[in-house]
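First the structure, in the form of structure tokens, and then the observations on it.
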Amino acid sequence: LRSYLRDESSRLRRLRRFYEKVQALHQDPEASVDNPLLAFSLIKRLHSDWPNVIYSDEATRNTQALHAGLREVEQELPGTEDLDGAARALMRLQDVYALSVKGLASGVFQRAGHPPLYSPGRRAALSADDCFHVGKVAYDTGDYYHSIAWLEEAVSLFRLSYGSWNLEDRSSLEDALDHLAFSYFMAGNISHALSLSMEFLRYDPSNQRVSRNVAKYKKLLKMGTGARGRWDWQGCHGPPPSLSPPHALLGPFSPQPAPEQLLHLSCSYETNSSPYLLLQPAKKEMVRIQPYVALYHDFITDAEAETIKGLAGPWLQRSVVASGEKQQKAEYRISKSAWLKDTADPVVRALDGRIAAVTGLDLRPPYAEYLQVVNYGLGGHYEPHFDHATSMKSPLYRMKSGNRIATIMIYLSAVEAGGSTAFIYANFSVPVVKNAALFWWNLRRNGNGDGDTLHAGCPVLAGDKWVANKWIHEHGQEFRRPCSADPQD
């Protein structure tokens, strides 16, 4: 684009010089075609100079160079899936953190009556066209709860700038009014759908489709019914879903454990009877007793974290989840991940040894999975789930080493806001602590899954969240974490 602007500017400067020369000749009161030289110049200008300027190939060549430059990088640019995913991420942040759409559009991350959850150094506002696109993504999936909020903001912003035109905009006030009117109709608010459609017709009075909808809205209101008939609307497919405000994915958590648990929570230097930890004990913070959750501070160094991120970067792909006997992408897990063998780098091998030392578990193949490195970007999250398999058909059993007995999750980066690991039934969350490792048992000593380990990765509100997961299986741990005398334990 910079090259195109430079070349076009040069061309336009030459064109202006030609124009000014012609203008001077035509405006010279002493110029007369009696002068044979002036007569020749005029004839030449009208015959050949004008066509040479008007039909110059230079503008076409400049445009072709711009298009060629775009084609070179097109494969690296975000696609439709990325753009729509980013729009859904904004809606997810809106829901989970109860953020105002008007506030988001103006660059403010705030719940009503609360201090901002995140205050960026440089506020970035959304345009009317930006808000329209978010609302349109919701609209196209029949999510009128979200489409109304975002299209309302788009309409409001378009009204403020009506008459001005932005080169990059693909939508207009009319588009926003059109979609918002139908969203309100689908939500049962016919009178507001009518008023928005009437406003649309002030800008585009010849639109027959909207005129017919106005007549039908009036008829419905006169009949006093909210029944929906057949509508002349492009892009409307199938019956409307039942509408209700979306639940907060992860509601507010009470961070206070039960009084009896408080007695057992502590911070300590742990050697775990391992020679590896004698000179540098692990900094262990007990987060909860039930479920057993511990946080090991300063588990890795900054340099090790950067090495692991660098190793995983080229291999990152959209994360998948277990679905029956298969694995597939899902909207409830938005992240990218890669797997690293311990042979990938000495840092990975050293990390495996450190995990074995602090947990006391056997990580030799096939008793543990490879290190999974995960990147959660814009609104990245993972809805409530168990790490252990809840069905014998799970792909986890292909390793033939039993279920996942334990999880250790290492925070490779800090985030500015959001991204906590939330334990749903146990009702607490652990914020991201850079270079720390979170450990918990997925299975009870009797081998049954621990229901209290249902957990989620809260959406990243601001920042770039990187974690490394190590899942350890139950086979090989029989004498390292033996059964209890109590079969219920």
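Structure values in brief
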| item | result |
| --- | --- |
| Where GluC sites (Glu not before Pro) fall in DSSP loop in the stretch 118-195, at most 10 other Cβ within 10 Å | E168 |
| Distribution of pairwise C-alpha distances over the chain, 10 Å bins, in % | 3, 14, 20, 18, 15, 12, 8, 5, 2, 2, 1, 0, 0 |
| Accessible area per residue, Å², the stretch 138-180 with all protein chains present, probe 1.4 Å | 51 Å² |
| Cβ-placed point charges (K, R +1; D, E -1), dipole of the stretch 6-83 about Cα centre in debye, nearest 20 | 480 debye |
| Inverse mean reciprocal Cα-Cα distance (Kirkwood Rh) of the stretch 136-214, Å | 12.8 Å |
| For peptides 106-113, 213-220, sequence by mean Cβ density within 10 Å, most packed first | 213-220, 106-113 |
| Length-normalised contact order for the chain - Cα pairs under 8 Å, 6+ apart - percent | 11 percent |
| Tilt relative to the chain, helix 190-203 - C-alpha long axis, 0 to 90 degrees, to 10 | 30 degrees |
| Net charge contributed by nearby residues that have their C-beta within less than 14 Å of N403 (K/R +1, D/E -1) | +2 |
| Flagged links, alpha-carbon separation over 18 Å, of K434/K465; K21/K44; K283/K434; K309/K434; K283/K465 | K283/K465 |
| Principal-axis tilt of helix 346-359 within the chain, Cα atoms, nearest 10 degrees | 40 degrees |
| Centre separation in Å (Cα based) which lies between the stretch 1-42 and the stretch 436-489 | 78 Å |
| Under-5 Å amide H pairs with R445, H placed in peptide plane, nonlocal only | none |
| Equivalent ellipsoid dimensions for the stretch 30-125 as semi-axes, Å, which come from the Cα gyration tensor, largest first | 61, 22, 9 |
| Net charge of neighbours whose Cβ lies under 15 Å from the Cβ of S10, counting Lys and Arg as +1 and Asp and Glu as -1 | +4 |
| Convex hull volume per residue in cubic angstrom - Cα atoms of the stretch 1-223 | 229 Å³ |
| Assigned charges on the beta-carbon of Lys, Arg, Asp, Glu; the stretch 37-177 dipole about Cα centre (debye) | 540 debye |
| Per-bin percent of Cα-Cα distances, the stretch 259-473 [10 Å] | 8, 34, 41, 16, 1 |
| Dipole-positive endmost among L1, L77, P116 within the stretch 1-223 (Cβ charges, Cα centre) | P116 |
| Order of exposure, largest accessible area first, which applies to R209, R398 with probe 1.4 Å | R398, R209 |
| Size of electric dipole in the chain: Cβ of Lys, Arg +1 and of Asp, Glu -1, about Cα centre, debye, nearest 20 | 640 debye |
| Protection proxy ranking, peptides 340-351, 416-427, 67-78, 177-188, average beta carbon neighbours within 10 Å, highest first | 177-188, 416-427, 340-351, 67-78 |
| Environment charge of G476, counting only residues whose C-beta is closer than 13 Å and scoring Lys/Arg +1, Asp/Glu -1 | +1 |
| Within the chain, helix-based [θ] at 222 nm, where runs of 4 or more DSSP H residues each add -39,500 (n - 2.57), nearest 500 | -11500 deg cm²/dmol |
| Solvent-accessible area per residue, Å², over the stretch 259-473 with all protein chains present [probe radius 1.4 Å] | 45 Å² |
| Highest to lowest packing among 451-458, 131-138, scored as the average C-beta count within 10 Å | 131-138, 451-458 |
| Helix axis angle, 302-312 relative to the chain longest principal axis, alpha carbon, degrees | 70 degrees |
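The values are calculated or read from the model by the stated rules, or taken from the named source; none is laboratory data. Quantities reported herein were computed from a predicted structural model and do not represent experimental measurements. Every residue, glycine as well, gets a Cβ built from its backbone with ideal geometry; the counts of neighbours run over all protein chains shown. Side chains are part of the model used for accessible areas, which takes the heavy atoms of the whole protein and leaves out ligands, DNA and RNA. Shrake-Rupley method; radii C 1.70, N 1.55, O 1.52, S 1.80 Å.
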